[in-house]
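Enquirer: The structure that follows is given in the form of structure tokens.
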Amino acid sequence: MGVVLITGASRGIGLEFARQYTQEGVGVIATCRRPGEAKELSLLAEQFSNLSIEQLDLSSDDDLQALCLTLEKSKIQLDILISNAGVLLNEKFGEWTRQKFADTFDVNVTGAAMLAQSMLAFLSPTGKLVHLSSRLGSLELGGEGMADADSYSMSKAALNMLIARLASAFKGSSSCVVSLSPGWVATDMGGASATLSAEESVSNMRQAIGALTALDSGRFIDNQGSSIPW
Ligand SMILES: NC(=O)c1ccc[n+]([C@@H]2O[C@H](COP(=O)([O-])OP(=O)(O)OC[C@H]3O[C@@H](n4cnc5c(N)ncnc54)[C@H](OP(=O)(O)O)[C@@H]3O)[C@@H](O)[C@H]2O)c1
């Protein structure tokens with residue numbers, strides 16, 4: 001396998017994806033919004049020459065353009081794009097604010113969509129575009145599981161539609177786009193009581209991603225590759 005690009009690699013699941021793919025010997029482009037503050041990622045880059053770090057704030061068109069230029073200059077083709085960066089701004093019904101909805105959708109939906117659109121030119125013909133979603137975004141499951149995550153749940157439902165639209169755009173190609181739920185993972189977002197470590201979740205997800213083919217395009221899957229109801 002060639003190159004994997006990961007967003008939100010400063011911590012949590014994104015950092016663990018960067019660590020595991022790097023240790024496997026794959027070329028990794030780990031993006032984060034403040035490289036200077038991403039200490040663990042920087043340490044990893046000092047140890048492994050197959051890992052490079054690029055700045056990418058999903059809210060910034062300038063960052064996205066700069067990343068495209070970098071990829072263009074180095075003639076990079078991406079085998080896997082892990083669209084991982086996301087935010088969860090807690091608020092329950094009765095405490096919703098326009099600002100929190102806007103901030104959540106800006107990263108989880110608009111940011112992911114603009115990234116996907118910009119990266120298409122760099123995706124290899126058999127490239128895999130993997131979006132980190134959540135069971136909370138399942139309409140059929142009613143977003144049940146977290147009482148104070150309504151804008152987050154809605155944003156992941158919207159993200160799932162992004163996957164459906166991209167799958168339609170990819171139809172007939174050998175590429176694959178999926179929505180992938182990592183499980184409940186112990187990170188800053190998942191909290192300490194989560195049932196899975198980042199290491200376990202990412203290890204499972206890497207296996208599931210490895211097994212994906214174009215026939216899987218448009219699916220909503222868990223970290224074992226099994227379907228989640230929409
Ligand atoms: N943990 C779970 O249980 C769980 C469950 C279901 C789905 N997920 C999904 O899995 C993904 C990763 O979650 P996590 O648990 O690793 O979360 P996390 O620990 O909170 O890490 C979030 C990552 O996203 C980055 N990020 C936030 N806003 C950004 C922006 N505007 N531009 C670029 N990067 C940005 C953060 O960067 P900074 O360090 O700069 O803030 C950080 O690297 C998310 O999409 C999340 O919704 C997680």
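The values are calculated or read from the model by the stated rules, or taken from the named source; none is laboratory data. Model, not experiment: these values are computed from the prediction. Glycine gets a Cβ as well: all are built from the backbone with ideal geometry, and neighbour counts include every protein chain shown. We work out accessible area using only protein heavy atoms, side chains counted, and drop any ligands, DNA or RNA first. Shrake-Rupley method; radii C 1.70, N 1.55, O 1.52, S 1.80 Å.
Enquirer: Report Rg(Cα)/(2.2 N^0.38 Å) for the chain, keeping two decimals.
Expert: Numbers: Rg = 16.5 Å, N = 230, 2.2 N^0.38 = 17.4 Å.
Ratio of Cα Rg to 2.2 N^0.38 Å: 0.95.
Enquirer: Sticking with this one: Can you list which of the DSSP-assigned H helices in the chain have a Cα extent of 27 Å or more along the long axis and an average Kyte-Doolittle score of at least 0.5?
Expert: On the way: long enough: 150-170 (30 Å, 0.55).
Helices meeting the criterion: 150-170.
Enquirer: Could you give the nm distance between label points at residue 114 and residue 96, where each point is 7 Å from its Cα heading toward the beta carbon?
Expert: 2.4
Enquirer: Just tell me which lysines come within less than 30 Å, Cα to Cα, of residue 39; anything on the same chain fewer than 8 places away is out.
Expert: 73, 75, 100, 128, 156
Enquirer: Once fully extended, how much extra length lies between residue 226 and residue 69, figured as 0.36 nm per residue of separation less the alpha-carbon to alpha-carbon distance? The partial results should precede the final answer.
Expert: Values: separation 157, 0.36 × 157 = 56.52 nm, distance 3.65 nm.
Gain in length upon complete extension: 52.9 nm.
Enquirer: Just to confirm a number: summing +1 for Lys and Arg and -1 for Asp and Glu over residues other than residue 93 whose beta-carbon lies under 13 angstrom from that of residue 93, what do you get?
Expert: Details: positive: 92, 100; negative: 91, 95, 148, 150.
Summing Lys and Arg as +1 and Asp and Glu as -1 gives -2.
Enquirer: Please report, as a whole percent, how much of the solvent-accessible surface of segment 1-77 comes from carbon and sulfur atoms (probe radius 1.4 Å). Display every interim value, and only then the final one.
Expert: On the way: 1810 of 3970 Å².
After summing per-atom areas, the C and S share lands at 45 percent.
Enquirer: For labels at residue 173 and residue 195 in the simple 7 Å Cα→Cβ model, what's the distance in nm?
Expert: Spacing of the two 7 Å Cα→Cβ label points: 3.5 nm.
Enquirer: A further question on this structure: Under a point spin-label approximation (7 Å from Cα along Cα-to-Cβ), what is the residue 141-residue 203 distance to one decimal in nm?
Expert: Rounded to a tenth, the inter-label distance reads 2.3 nm.
Enquirer: Continuing with the same structure: For every other residue with a beta carbon closer than 12 angstrom to the beta carbon of residue 154, add +1 if it is Lys or Arg and -1 if Asp or Glu, then tell me the sum. Mind showing how you got there, number by number?
Expert: Working: positive: 100, 156; negative: 91, 150.
It works out to a net charge of 0.
Enquirer: Given segment 3-221, what percent of its DSSP beta bridges are antiparallel, to the nearest 5?
Expert: On the way: 0 of 26 bridges.
Of all bridge pairs located within segment 3-221, approximately 0 percent are antiparallel.
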